Every structure is written in structure tokens, then in C-alpha cells.
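The values are calculated or read from the model by the stated rules, or taken from the named source; none is laboratory data. Remember, it's a predicted structure, so these values are computed and weren't measured experimentally. Because the Cβ atoms are built from the backbone with ideal geometry, glycine has one as well, and the counts that use them run over all protein chains shown.
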Amino acid sequence: MIQDLSLRDAEPGFDVPALPGMALHEVQTPALLIDLDALERNLERMRRFVTERGVRLRAHAKTHKSADIARLQMERGGACGICCQKVSEAEAMVRAGITDILVANEVRDPAKLDRLARLAKRARIIVCADDPEAVADLSSAARGAGVTLEVLVEIDCGAGRCGIAPGLPARDLALAIAAAPGLRFAGIQAYHGRAQHLATEAERRCAIVSAEALTRQTVEMIAAAGLTCEIVGGAGTGTYRHEAASGVWNELQCGSYIFMDADYRRVLGPDAGFEHALFVLTSVMSLASGRAVTDAGLKALAVDSGLPAVHSLDGVSCKGLSDEHCQLDDPLGRLRISQRLQLIPGHCDPTCNLYDWYVGIRGDRVETVWPVTARGKLY
């Protein structure tokens, strides 16, 4: 049983949406639910996968922003550490006791660099760079704090987002990092974000084959220059099997596997290997002929990757959201006032950032309530 004893004096509806021991129908809505049985099975499936393939998992915490889940991923899910996207996310995780963190992003603002360097006094901190001009600033921040920052060269392996050109430019950046005081060259960041949601398996495979060639070339050039890529990181829930099989990547950065949102289910199909573990619990508040309205709108669900799916209730579907309302088609008139429904978010990451708490359920009973540790940590 997983419990958070810090909630002993909390009151549902005031401080938290639920307390351990409550029945599911007593939970205040909208609430962010975790099916703990499904979560644990997802943890075990990924742990078994990375163990069998001989690669590391550095789980991406931007998905859940929860130190409790990060701790489970490291203690029971095979993760060697976590990824964050922002310095403030990393700060929140370190305060909660997580001590092996990759900020899988560029950090260029001087104040953020100083915060990042100070954080390295308390944890292993790795950061990305994709510009030779960043090296002096990273070095200055590290020397000012009296720490060593580990740095990955981020290459653009097809996503067209951050990243220096693969090959010689990346090699030269690696050499500059290795020569800079206060820095340690740690390897390559090669994440093909755009490939994760390509519509077909063939398209995703083709994208990673191309990324593999660019990444392999870069690793070989860096090795020829006398440096070792301890970390070759990348991969996400949509493509991790391909990176793991490549023999190039040795750290996978999957995030959404822990929850499996509706968009990933559409992309990967029924054989994705992971279960839906994250839901938004919502209550019916209004009925009319053939339709219903619940209390979970745009402030409770991210819709950038599509509308939520209704879980385990055939014939009822979501047709639209406004700020505070979800409109459902209910042609058979199955719904009733105050009935609880579970919605599967279209995109789990931004949905989680809308909430202060996770309500962990086992069956129809609340087992634990976890804070969303890094909620709103965007800076």
C-alpha cells in the first residue's frame, strides 16, 4: 500500500480533493486520478524492457512533475535518474530528494545558469548545450559555484527544434566543453521529438533510422577525437523500441509510458505495451435529451492533442470543452446527475500541470494522495 501520511490533518474539498480510505464516489471533482495497479504494471514493463535490452532508463519527469512517481521509477521501475525540462523543475525534484537529474534542454539565462550550478552542490546535474557560445557561460557559472557541471552536446537528429548540426560541428562543441574549466563532457543528446507521434509504425521507424545514422556518425567522430560518450540519450514512448535496438542510444528518456494518454493510444494502437493509468474524474452536472455536461473543462484537461476519451463507457463520447464544462454525447440516456466518469486526457503532460494533487486509487478506494511537486515550474 502506498500512502502519504502528511495528509493526516487535511480536509477534502478544502486542502485536497480526497483522503486515503475514501470511496471513489466521495472524491471531489474534477480530480486527477492514478490507477495504482496500472501504474505499477507500467513501471514493471519498462523495467523489464530496459533490463533485457541492456540500456538505461532516464525517465522524463516533465510528464508527471511528481517526486513520488520519480522515486517509484528509480526504486521499482529501473530508472537510473530522471529528466527535467526546466531549472525550476529540477530544483523542486532535488528539494524532494531526487539526486540524479538531466535538464534535457538548453539553459542560457545567467540567473538560471547560476541556479543550475548551485543545484549541482546537492545532486548530479547534467545539462544540454547546442551552441559554442554557451560553453563560456556554463563554465563561468560552474566555476562561480565551485562545482562541475556535466554537459551533453544536443544534436538536431531530425526534430528541427534545438540542437547543433551532427558530425563535425557537434564534435567541435564536445571538444570545447571538455576543455572548459568546471565542465565535463558527458555525451550526446539525440532526441527526435517529432517522430514520437508520427501516425504509422513505418513512419516512426524511418525517422529513427535516419536519426540513428546521424547520431552514430557523431559518436564516432567524437570518439576519434579522443572523447567518450558516456551517455547517448534520447527516445520517447513512441519510438523507444527502435532506439533500444540500434546499439547507439544507451539511455532512453521515455515519459508518457507511465500514464499512456489518449493520443499515444491512437498512435501506437492496442499493442502499445502500456495501460491507461491516468484519468480525470469528473461529475455530471447537467442533462438534456441525448447529451450531458460534466464539470471538467479546459481548466481541467489539455486538448492540444485532441479531446479526451471516455473510459469504460460505451456509447458516450466527448464533443467539446469550454472553460469549466465538458459536453458529452449520450444518445442512449445512460448518464445521471452526479454520476462520476473517468476521462482519458488527450495529452498527459500539460494536463498534469493543471493540478495540485494526484489521487491514487486501487479499485474503487483512495490509497494515497500525492502533490504535483513541480506544478507550474516553468522557469
key: Yes/no for Asp68 being assigned by TED's automatic domain parsing to the domain that holds Gly238, of a type in the set (D, E, K, R) and farther than 26 Å from Leu278 by Cβ   = no
inquiry  = Being surrounded by 20 or more Cβ atoms within 10 Å (Cβ to Cβ), hydrophobic (A, V, I, L, M, F, W, C) and in contact with a Ser or Thr (Cβ under 9 Å, 6 or more places away or on another chain): is that true of Leu298 here?
reply    = no
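With respect to Leu138, determine if the residue is touching a strand residue (DSSP E or B) at 6+ places or on another chain (Cβ under 8 Å) and not hydroxyl-bearing (Ser, Thr, Tyr).
Working: touching a strand residue (DSSP E or B) at 6+ places or on another chain (Cβ under 8 Å): yes; not hydroxyl-bearing (Ser, Thr, Tyr): yes.
In short, yes.
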query = Is segment 53-66 home to any residue that is of a type in the set (D, E, K, R) and modelled with pLDDT under 95?
reply = no
request  = Spot the failing condition for Gly273; the list is (1) in a loop (DSSP other than H, G, I, E, B); (2) of a type outside the set (Phe, Trp, Tyr); (3) surrounded by 22 or more Cβ atoms within 10 Å (Cβ to Cβ), and only one is missed.
outcome  = (3)
All positions within segment 67-90 that are of a type outside the set (A, V, I, L, M, F, W, C), closer than 23 Å to Gly54 by Cα and assigned to a helix (DSSP H, G or I) = Arg71, Gln73, Glu75
Residue in segment 337-347 that is nearest to the chain's Cα centre (by Cα), counting only those that are crowded, with 18+ Cβ neighbours inside 10 Å and either aliphatic (A, V, I, L, M) or under 19 Å from Thr63 (Cα atoms) (or both) = His347
task = Could you tell me which numbered condition Ala199 fails, if it satisfies all but one of (1) under 30 Å from His347 (Cβ atoms); (2) at pLDDT 95 or above?
result = (2)
message = So, Arg334, is that one in a loop (DSSP other than H, G, I, E, B), surrounded by fewer than 22 Cβ atoms within 10 Å (Cβ to Cβ) and in contact with a Phe, Trp or Tyr (Cβ under 8 Å, 6 or more places away or on another chain) or not?
response = no
task = Could you identify the single residue in Val316, Val359, Val310, Val366 that is in the same structural domain as Arg291 (by TED's automatic domain parsing), among the β-branched types (Val, Ile, Thr) and more than 25 Å from the chain's Cα centre (by Cα)?
result = Val316
request  = Output the residue which, of all residues in segment 70-85 that are among the aliphatic types (A, V, I, L, M) and more than 19 Å from Ile231 (Cα to Cα), is nearest to the chain's Cα centre (by Cα).
outcome  = Ala70
query = When the residues of segment 315-342 are filtered to those that are out of contact with any Cys (no Cβ under 7 Å at 6 or more places or on another chain) and hydrophobic (A, V, I, L, M, F, W, C), which remaining residue is farthest from Gly360 (Cα to Cα)?
reply = Leu332
Condition broken by Val232, with the remaining ones in (1) within 22 Å of Gly346 (Cα to Cα); (2) touching a strand residue (DSSP E or B) at 6+ places or on another chain (Cβ under 9 Å) satisfied = (1)
Any strands (runs of 3 or more DSSP E) falling wholly within segment 91-209 and containing at least 3 residues that are touching an Asp or Glu at 6+ places or on another chain (Cβ under 7 Å) and in the same structural domain as His242 (by TED's automatic domain parsing) = 124-129, 183-189
note = Among (1) touching a strand residue (DSSP E or B) at 6+ places or on another chain (Cβ under 8 Å); (2) in contact (Cβ under 8 Å) with a residue 24 or more places away in the chain, Ala302 falls short only on (1)
request  = Please specify each residue of segment 30-66 satisfying the condition of being surrounded by fewer than 20 Cβ atoms within 10 Å (Cβ to Cβ) and part of a loop (DSSP other than H, G, I, E, B).
outcome  = Gly54
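Can you spot a residue in segment 348-360 that is touching a strand residue (DSSP E or B) at 6+ places or on another chain (Cβ under 6 Å), surrounded by 18 or more Cβ atoms within 10 Å (Cβ to Cβ) and farther than 17 Å from Gln28 by Cβ? Let's see the steps before the verdict.
We begin by selecting, within segment 348-360, every residue touching a strand residue (DSSP E or B) at 6+ places or on another chain (Cβ under 6 Å); these are 348, 355, 357-360.
Okay, now just the ones that are also surrounded by 18 or more Cβ atoms within 10 Å (Cβ to Cβ), so 348, 355, 357-360.
Next, from what is left, pick out any that are farther than 17 Å from Gln28 by Cβ: 348.
Yes; the residues of segment 348-360 include at least one that is touching a strand residue (DSSP E or B) at 6+ places or on another chain (Cβ under 6 Å), surrounded by 18 or more Cβ atoms within 10 Å (Cβ to Cβ) and farther than 17 Å from Gln28 by Cβ.
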